[in-house]
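Data first, discussion second: the structure below is written as structure tokens.
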Amino acid sequence: MDKKIILLFFYILGCCTLICAQDQKISDLQKRAEAIDPKKNIAAARSLYIHAFNDYYNKGQIRQGVECAVKATALYYKENYYKEAFDLLRRADDAVNSSKNLSEAEKAATHYLVTKERLQIYIKLRKGESAKDQLNIMESLANQSADESVKNDLLYTKAIYYYTFGQNAQGNAVFQEMANKLTAQKEYDKVDEVYQTLIANGRKSNNANMVAQSYSNYIAWKDSANAMKHADEIANLKKQISDNEAAISEKDNSLATRWAIIVGLGILAAALAAALVFGGLVLLRFVLLTRRQKKIIKLANESNALKAKFISNISAQLEPTFKKLDCRQPEVKALLEFSSHIQTLSELENTQDETVEMEEVQIHPLCESLMEQIRNKVKNNVTLTVNAQKMSARINKEYVSHIVLHLLNNAAEYTSEGGTIWLEFKKRGPHTYQFMVANTGECIPEEKRENVFKPFLEVRDLTTGDGLGLPICKQMALKMNGDLEIDSQFTKGTRFVLDLHV
């Protein structure tokens, strides 16, 4: 009988040790994920967060699991894996719905985290209506949660949404509501932190409108908040003085003691006055500096917009005059092409935030057709090679055709007799494609590679080219959520790589 009791004791002890080890493993997964720098290994961090989510779910720790799922989602759409991001958020919602350990209010607060991340995706995709739907859902969940911190976060998120989509009046109203709420609770530091975070987010996302609006509101609030803080400090000091005088009066009616206290309070008041003067000077300097920075940002944005409009208007006004000249003249033809390229480049720069239409295109016939257009332009014995998978891809056919054909024409011009020109297409990931145009011959010097995509860097003879072809191609690539670069690893000649993230 004693042996059985001893065996049972060791069995229970072993189970407890195993449970503790499992709990430690779960916490280790999240710690390992948080320890990885996503900039260095985003896939590893994402995978660990997903494993942590699954383990938390199996242990019934739904809130912790959802937080890990949300972090993994952010790492998905950071690489434009939107389908995977939405699938993971759906799993997180299902986990919350299936939980028996959470109250209805806790479920609402947890669903709020998932819906907020879904909102961030739609904001990044610039889908205003879909983002608005998520915002309405978040408002309902915040009310159900009865959690004041969730409601405060909702106000902050609303402000970001309105500023992102240019609804400045609504953004100002929401932000004022949040600032008034926290200010009434005398949580000045929290209001300051919220403004600083909003300004940082605007800078990070290159949202000049959000930065400008945030600066303007921040300055106005800072002025009033500091006045209220100083008033509170003075009121508190007066109360302290009053309390001290009452205490002194009760404990000791001695005139000497009273004078000592009065002198001390006078010194304290003088020190406070000096501190207030110094604080006022520091605040004034900060306000002036902030307003100057705001003005500089505004002037820079207005200057860039006016410059692009000015250049485009000049080109458009000169074009009818150029067309009246003899277009057979090389110089006139060059001026007309230069005018057209300027208008195209300006239009691309001014509409960079607008989305382009995509369509399903058969890749192999497209590549063959583009290569065929340069066959009569190449030198003797130049080999033309197309290596493209027989598949379809969702791309903007007009932009892709323009970029690839321009690169092929350049290759035809610079490839000497007996050389080779390649056109390749590769699928690099679920949503990533590459078009590569390469040719044999001399490489572009390394010191010139950064400048080939920048317009107007040098004075050129327009009859030999205006140098705007590659800058236009670069802008088209960026507008398709892609990029155009020179492959520095290619040593047989020159290779351009067009990356597309669909």
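The values are calculated or read from the model by the stated rules, or taken from the named source; none is laboratory data. Values in this document were obtained by computation on a predicted structure and should not be read as measured data. Here Cβ is always computed from backbone atoms with ideal geometry, including for glycine, and neighbour counts include all displayed protein chains. Just so you know, the surface numbers come from the protein's heavy atoms only, side chains and all, with ligands and any DNA or RNA stripped out. Shrake-Rupley method; radii C 1.70, N 1.55, O 1.52, S 1.80 Å.
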Those residues of the stretch 477-502 which are open to solvent by 60 Å² or more (accessible area, probe 1.4 Å), more than 19 Å from the chain's Cα centre (by Cα) and of a type in the set (S, T, N, Q), in sequence order: Ser488, Gln489, Thr491
Failed item in (1) assigned to a helix (DSSP H, G or I); (2) over 30 Å from Thr351 (Cα atoms); (3) open to solvent by 60 Å² or more (accessible area, probe 1.4 Å); (4) at pLDDT below 90, with Gln170 passing the rest: (2)
Residue match in the stretch 104-121 (condition: more than 15 Å from Leu154 (Cβ to Cβ) and within 18 Å of the chain's Cα centre (by Cα)): yes
First in the stretch 474-502 and polar (S, T, N, Q) and assigned to a loop (DSSP other than H, G, I, E, B), second anywhere and open to solvent by 10 Å² or more (accessible area, probe 1.4 Å) and modelled with pLDDT of 90 or more, Cβ under 9 Å, 6 or more apart: Asn481/Asn80; Gln489/Arg495
Some residue of the stretch 118-141 being open to solvent by less than 50 Å² (accessible area, probe 1.4 Å), acidic (Asp, Glu) and part of a helix (DSSP H, G or I): no
Exclusive hit being modelled with pLDDT of 90 or more and open to solvent by less than 30 Å² (accessible area, probe 1.4 Å), set Tyr81, Tyr112: Tyr112
Count of the stretch 424-473 residues which are on the phi < 0 side of the Ramachandran plot, assigned to a loop (DSSP other than H, G, I, E, B) and not aromatic (Phe, Trp, Tyr): 18
Which numbered condition Ala184 fails, given (1) open to solvent by 60 Å² or more (accessible area, probe 1.4 Å); (2) of a type in the set (A, V, I, L, M, F, W, C); (3) closer than 23 Å to Leu125 by Cα: (3)
Tally of residues being under 14 Å from Phe338 (Cα atoms) and either at pLDDT below 80 or not small (Gly, Ala, Ser) (or both) across the stretch 459-476: 12
Residue match in the stretch 416-437 (condition: closer than 24 Å to Pro330 by Cα, of a type in the set (A, V, I, L, M) and either open to solvent by less than 30 Å² (accessible area, probe 1.4 Å) or over 30 Å from the mean Cα position of the chain (by Cα) (or both)): no
Residue check, Asn206 closer than 30 Å to Ile123 by Cβ, at pLDDT 70 or above and exposed (fewer than 10 other Cβ atoms within 10 Å of the Cβ): yes
Any hit, the stretch 39-51, residues being more than 30 Å from Asp483 (Cα to Cα) and open to solvent by 50 Å² or more (accessible area, probe 1.4 Å): yes
Given (1) assigned to a strand (DSSP E or B); (2) modelled with pLDDT under 90; (3) not acidic (Asp, Glu), number of the condition Ile421 does not satisfy: (2)
Unique residue being at pLDDT below 90, β-branched (Val, Ile, Thr) and farther than 23 Å from Leu113 by Cα when the list is Ile26, Ile12: Ile12
Residues of the stretch 30-74 satisfying the condition of being among the hydrophobic types (A, V, I, L, M, F, W, C) and in a loop (DSSP other than H, G, I, E, B): Ile36
Residue in the stretch 190-203 that is under 26 Å from Glu106 (Cα atoms), open to solvent by less than 60 Å² (accessible area, probe 1.4 Å) and of a type outside the set (A, V, I, L, M, F, W, C) present: no
Residue identified as modelled with pLDDT of 75 or more, at negative phi and out of contact with any helix residue (DSSP H, G or I) (no Cβ under 9 Å at 6 or more places or on another chain) among Val287, Val277: Val277
